[in-house]
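Here's the structure, in structure tokens; my notes come after.
The values are calculated or read from the model by the stated rules, or taken from the named source; none is laboratory data. Nothing here was measured: the structure is a model prediction, and the numbers come from that model. Ideal geometry is used to build each Cβ from the backbone, glycine not excepted, and the neighbour counts take in all protein chains shown.
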Number of protein chains: 2
Amino acid sequence: MAILKIRLIISSFEKHVSFLKSDIEKSLNKLPIDNKPKYLYDPIRYIINGKGKRLRPILVHLVGHSYSADPEDMMKASMAVELLHNFTLVHDDIMDNDSFRHGKPTVHKKWDEPTAILSGDALFVLSQLLLTGFPEIIHQRFNEVSLNICEGQGMDKEFENDTSISMGQYLIMIGKKTGALLGLCAQLGALLSGLKKEDAHFLFEYGLNLGLAFQIQDDLLEIFGDESSMGKSLGSDISKNKQTALTILARDDNAKRWASFTDNYSKISDYQTYFDKNGIRYKLEESIEHYINKANSALNSAPKSNKDHLQKFTTLILKRKF
Amino acid sequence: MAILKIRLIISSFEKHVSFLKSDIEKSLNKLPIDNKPKYLYDPIRYIINGKGKRLRPILVHLVGHSYSADPEDMMKASMAVELLHNFTLVHDDIMDNDSFRHGKPTVHKKWDEPTAILSGDALFVLSQLLLTGFPEIIHQRFNEVSLNICEGQGMDKEFENDTSISMGQYLIMIGKKTGALLGLCAQLGALLSGLKKEDAHFLFEYGLNLGLAFQIQDDLLEIFGDESSMGKSLGSDISKNKQTALTILARDDNAKRWASFTDNYSKISDYQTYFDKNGIRYKLEESIEHYINKANSALNSAPKSNKDHLQKFTTLILKRKF
């Protein structure tokens, strides 16, 4: 009976989340965006209609709801973070020369680089305009985190081909590139309801640690996942000489063995075997658990309904259920 | 005696402007920008230290001073528009594949495209952060105008190779791409002092029309100017099939003659002769005067000190004195 009850609760939470997702997508589709110039707005519509998981705007709603934020404000703030996120994806895809995103051609592949640069820029402007009328602290946090993301991407590019990067540097990089935005999303719902920045800080901590767990898991899935659900080919980061949690740990663990392996093997199944056999996969699974625990502990001071929702959210997104 | 007096007044205004310029550059150099990641902040420092004319931030100060805006606020707002302007230049230079800007290699030439995309993005974020604590209307206008600039650039790209573009469409494009930002600069100084948007609208009109005059003059200088002061090679827009005020007028005037000319001639001196002989240059000089007059008429309702300053500013920037 107990097991059945838990299943039912999770299932009703999943329904709630999938309802939020479709609500967010409806609102994104209704954004008052001009038709002309088509050069600018056709790709913007293409991006907005992409098959994203929308987990960042969902997080804004989950927290905002617990703090009784105004529904219209929540929707605006949640769309702002989604546009910010999409802006960074469009530009990152150019910088990394990625051809597919969510199973569709990236903007610079479907159109060209100038189109992708400009439509990314305009997405970011649109995200700022969605914040019109919001408390000053929201403008400030939104842009502080946007700068974190740029810094994180700068570090990521700097780290390419640099085999001296430590796990510590890597964690700072993903904290800025992935963690800070999830932290912001968790904070926003509370800030919208007038909570002070200091009082909403634990929510930032929650999102930041969730982001670390999520990104390390992403690195693992990039080797051990399946291509269709990742929407990109396995091993693509490693083939671009990107530093990932796996390559850094493998090097830290035994630099000689790792160098000799990469000199002689390139198939994804060889990598899978290497990371499995040498305990890299296991260590990173432990690491993910560590950051999940940190995320959940950050919620100790949260109101009960908020805590329940967010812990379920953690489970859901790490299960990659949507 | 009267002539001497006017010269002295202009000269003291020029001194004032050049003092403002150096003050703005000092503040830009003192912006609290991190050193790391170098991938991001080295190009940002390179851009900020570029040899721009700084006419947009100067305009913020000139108006702000007339309305007794707080000096620190004026400086922040003026740096924000300068960073916004530089962000658009860095990205436009990639999109147009330009190699030089203010006599120095463009960011994507000195580094590479990913570096230029990212440092442009971060400049825009830094501009938003400079607005922290400002009245809501300033955030809103800043971003509305940023969207105008993206739309203007979108139209500019759309117009490439399109020989059906009318002068009307061209004016809308340059109004968005160049005029709106000068309009914003003129408005900002007044908005900072608490003037309502409606009451500051004549200042937007001033800047917008000044921008139209400035851009048409830019098109003329691109053919009739000298390379060293333009910081780029003459005729480069035409060689990229960009629509300029000259090519549109030449086509409107006599499409057959223009087509036969472009089929047979490509030297800059041939273009100069063509535009001179067929009255295109003269028509555009008249057009510049028309928009200068509109800019100055917009100032009819301005306080006297403001009006005097801005009319002198108009003269100064159209003389390309700095």
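Which of the following residues is over 16 Å from the mean Cα position of the chain (by Cα) and modelled with pLDDT of 95 or more: B:Pro57, B:Pro37, B:Pro32?
When all the criteria are applied, what remains is B:Pro37.
Report yes if A:Gly207 is away from every other protein chain (no Cβ under 14 Å), touching a Ser or Thr at 6+ places or on another chain (Cβ under 8 Å), closer than 20 Å to A:Leu55 by Cα and not hydrophobic (A, V, I, L, M, F, W, C), otherwise no.
No; evaluated as a whole, the condition is false for this residue.
When B:His108 is evaluated against the numbered criteria (1) of a type outside the set (Lys, Arg); (2) crowded, with 22+ Cβ neighbours inside 10 Å; (3) touching a residue at least 24 places away in the same chain (Cβ under 8 Å), which criterion, by number, is the only one it fails?
(3)
Any idea how many residues of segment A:132-153 are among the aromatic types (Phe, Trp, Tyr) and part of a loop (DSSP other than H, G, I, E, B)?
1
Between residues in segment A:38-51 that are more than 10 Å from every other protein chain (Cβ to nearest Cβ) and touching a residue at least 60 places away in the same chain (Cβ under 8 Å) and residues that are in a helix (DSSP H, G or I) and among the β-branched types (Val, Ile, Thr), which pairs lie under 8 Å by C-beta distance while being six or more apart or on different chains?
Close Cβ pairs (under 8 Å, with a partner that is in a helix (DSSP H, G or I) and among the β-branched types (Val, Ile, Thr)) amount to A:Tyr46/A:Val107; A:Ile47/A:Val90; A:Ile47/A:Val107.
Name the residue, out of A:Leu192, A:Leu171, that is in contact with a Leu (Cβ under 9 Å, 6 or more places away or on another chain) and modelled with pLDDT of 95 or more.
Criteria check complete, one pass: A:Leu171.
Output the number of the condition that A:Pro105 fails; it satisfies all remaining conditions of (1) at the interface with another protein chain (Cβ under 7 Å from one of its Cβ atoms); (2) out of contact with any helix residue (DSSP H, G or I) (no Cβ under 9 Å at 6 or more places or on another chain).
(1)
Per-residue answers, yes or no, for (1) farther than 23 Å from B:Glu205 by Cβ; (2) of a type in the set (Gly, Ala, Ser):
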site	(1), (2)
B:Tyr67	no, no
B:Ala80	no, yes
B:Asn97	yes, no
B:Glu144	no, no
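Run down B:Ser66, B:Ser99 and say which single residue is farther than 27 Å from B:Arg141 by Cα, modelled with pLDDT under 95 and over 18 Å from the mean Cα position of the chain (by Cα).
Step by step, each of B:Ser66, B:Ser99 is checked, and only B:Ser99 is farther than 27 Å from B:Arg141 by Cα, modelled with pLDDT under 95 and over 18 Å from the mean Cα position of the chain (by Cα).
Which one of these does A:Asp73 not meet: (1) under 16 Å from the mean Cα position of the chain (by Cα); (2) assigned to a helix (DSSP H, G or I)?
The one condition A:Asp73 does not meet is (1).
For residues that are of a type in the set (S, T, N, Q) and either surrounded by fewer than 12 Cβ atoms within 10 Å (Cβ to Cβ) or touching a Leu at 6+ places or on another chain (Cβ under 6 Å) (or both), tally how many sit in segment A:224-265.
5
Quick test for you: out of A:Ile238, A:Ile223, pick the one residue that is touching a helix residue (DSSP H, G or I) at 6+ places or on another chain (Cβ under 9 Å) and under 15 Å from A:Asp156 (Cβ atoms).
Result of the check over A:Ile238, A:Ile223: A:Ile238.
Out of all the residues in segment B:23-68, which are more than 28 Å from A:Glu144 (Cα to Cα) and assigned to a helix (DSSP H, G or I)?
B:Leu62, B:Val63, B:His65, B:Ser66
Considering only residues of segment B:128-143 that are at the interface with another protein chain (Cβ under 9 Å from one of its Cβ atoms) and touching a residue at least 24 places away in the same chain (Cβ under 8 Å), which is nearest to the chain's Cα centre (by Cα)?
B:Phe142
Against the definition (over 30 Å from A:Ile33 (Cα atoms), more than 10 Å from chain B (Cβ to nearest Cβ) and buried (at least 23 other Cβ atoms within 10 Å of the Cβ)), how does A:Leu220 come out, yes or no?
In short, no.
Step by step: first the residues of segment B:161-185, then only those that are more than 19 Å from A:Tyr41 (Cα to Cα) and of a type in the set (Gly, Ala, Ser), then the one that is surrounded by the most Cβ atoms within 10 Å (Cβ to Cβ). Which residue is that?
Looking at residues that are more than 19 Å from A:Tyr41 (Cα to Cα) and of a type in the set (Gly, Ala, Ser), I get B:Gly179.
Could you say whether any residue in segment A:168-191 is free of Cβ contacts under 8 Å to residues at least 12 places away in the same chain and within 20 Å of the chain's Cα centre (by Cα)?
yes
From the list A:Glu72, A:Glu113, pick out the single residue that is surrounded by fewer than 19 Cβ atoms within 10 Å (Cβ to Cβ) and within 13 Å of another protein chain (Cβ to nearest Cβ).
Selected residue: A:Glu113, the only one of A:Glu72, A:Glu113 that is surrounded by fewer than 19 Cβ atoms within 10 Å (Cβ to Cβ) and within 13 Å of another protein chain (Cβ to nearest Cβ).
Can you tell me which of (1) under 21 Å from B:Thr314 (Cβ atoms); (2) of a type in the set (Asp, Glu); (3) without any contact (Cβ under 8 Å) to a residue 40 or more places away in the chain is the one B:Asp93 doesn't meet?
(1)
Scan (1) crowded, with 16+ Cβ neighbours inside 10 Å; (2) over 30 Å from A:Asn143 (Cβ atoms); (3) within 14 Å of chain B (Cβ to nearest Cβ) for the single condition A:Glu158 breaks and write down its number.
In the conditions (1) crowded, with 16+ Cβ neighbours inside 10 Å; (2) over 30 Å from A:Asn143 (Cβ atoms); (3) within 14 Å of chain B (Cβ to nearest Cβ), A:Glu158 misses (2) alone.
Among (1) surrounded by 20 or more Cβ atoms within 10 Å (Cβ to Cβ); (2) farther than 23 Å from A:Lys157 by Cα; (3) within 14 Å of another protein chain (Cβ to nearest Cβ); (4) of a type in the set (A, V, I, L, M, F, W, C), there is one condition B:Leu31 misses while meeting the rest; what is its number?
(1)
Residues that are on the phi > 0 side of the Ramachandran plot, more than 7 Å from chain A (Cβ to nearest Cβ), out of contact with any Gly (no Cβ under 6 Å at 6 or more places or on another chain) and part of a loop (DSSP other than H, G, I, E, B): does segment B:163-173 have at least one?
Within segment B:163-173, none of the residues are on the phi > 0 side of the Ramachandran plot, more than 7 Å from chain A (Cβ to nearest Cβ), out of contact with any Gly (no Cβ under 6 Å at 6 or more places or on another chain) and part of a loop (DSSP other than H, G, I, E, B).
Give the residue, chosen from A:Ser146, A:Ser119, that is at the interface with chain B (Cβ under 7 Å from one of its Cβ atoms), in contact (Cβ under 8 Å) with a residue 40 or more places away in the chain, among the hydroxyl-bearing types (Ser, Thr, Tyr) and at negative phi.
A:Ser146
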